[in-house]
Amino acid sequence: MSDVLDAYPQLLRGTWTTVQLTVYGAALALVPALVFGLAGTSRHTAVRALNRVYVEFFRGTATLVLMYWLFYALPLVGFRFTPVAAAVLSLGLNVGAYGAEVVRGAVNAVPRAQYEAAVALNFTPWQRMLRVTLPQAVALMLPPFGNLLIELMKGTALVSLITIGDLTFNAQRIRAATGETAATFLVILVVYFAIAQMLQLAVRYAERRVDRMLGRRPDRRAAAAASGAGAVKA
């Protein structure tokens, strides 16, 4: 164990790389999640079809296979990506597909009465979406978004297979140098767990802020989350 702990500079560099990939992947995933999630609530069949094509393709594609395509296969036809770009794209597009379903379910879960009230106030469609529907839908999105964020962070362990020196990659190097297999993987297990807990705390903080903005009582948060989860399953 002492040999593993002595290699903490490598572990710190790998941890920082993992955190960066998580942040970049989450930022990318948020864009298609919102765009295609809102497309899934459209009245137009063609727009809803775009949602289904994106969601079904990327949700049905293994992240590792997509990563290999971006990094190893596409350069054969002239499209080259750096390891970090390939990792961020594959993680972001895959998690974004799940996020799109969360957005669609959360928007559909907003009570119909809220929409009717906005119509009665002569709000335009954009005003209804930005001032009435989305603020309430965000409160329903946050808990499942928190789960997806943690899944994305754990998915970064795959990037070691395309030569990125993340936490798992550096742990493999330490294991090979010291021969301490159990100790090495115990350490990174604790590190991944600590990162996940910090992400969960950040999401819970965001939930409390949204609750205060919407004037909702804390004891209603769980019920709202359950309602949003049920809508996504539906």
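Please list, in order, the residues from the range 1-37 whose amide nitrogen is less than 18 Å from a point placed 7 Å along the Cα→Cβ vector of Val53.
Residues passing the 18 Å test: 32-37.
Using a Gaussian network for the chain with springs between C-alpha atoms less than 10 Å apart, which of these wobbles most: Met67, Met198, Met213?
Met213
Classify the range 40-179 as rounded, prolate or oblate, taking a ≥ b ≥ c as the square roots of the eigenvalues of its Cα gyration tensor: rounded when a/c is under 1.5, otherwise prolate if a/b is larger than b/c and oblate if not. If you can, show how the numbers build up before the last one.
On the way: a/c = 3.74, a/b = 2.14, b/c = 1.75.
In terms of gyration-tensor shape, prolate.
Rg to Rh ratio, the range 49-126, alpha-carbon atoms and Kirkwood radius?
With Rh from the inverse mean 1/r over Cα pairs, Rg/Rh is 1.23.
Under the rule a/c < 1.5 gives rounded, and otherwise a/b versus b/c splits prolate from oblate, where does the range 89-129 land using the Cα gyration tensor? Working shown, then result.
Details: a/c = 8.06, a/b = 2.63, b/c = 3.06.
It comes out oblate by the Cα gyration axes.
Over the chain, one equal point on each Cα, no solvent: what is log10 I(q)/I(0) by the Debye formula at q = 0.12, 0.18 Å⁻¹?
Taken in order of the listed q values, log10 I(q)/I(0) reads -0.76, -1.27.
Provide the packing ranking of 153-166, 114-127, i.e. peptides ordered by the mean count of other C-beta atoms within 10 Å per residue, highest first.
Order by mean packing, descending: 153-166, 114-127.
Would you calculate, for the chain, the mean residue ellipticity at 222 nm contributed by helices, counting each DSSP H stretch of 4 or more residues as -39,500 (n - 2.57) and dividing by all residues, to the nearest 500?
Result for the chain: -25500 deg cm²/dmol, rounded to the nearest 500.
Could you let me know the centre-to-centre spacing of the range 115-185 and the range 1-41, using Cα atoms, in angstrom?
Each part reduced to its Cα centre gives a spacing of 8 Å.
Quick note: the coordinates plus some simple rules give every number you see, no bench work behind them. As the structure is a prediction and not an experimental result, all values here were calculated from the model. Cβ sites come from the backbone with ideal geometry, for glycine too, and all protein chains shown count toward neighbours.
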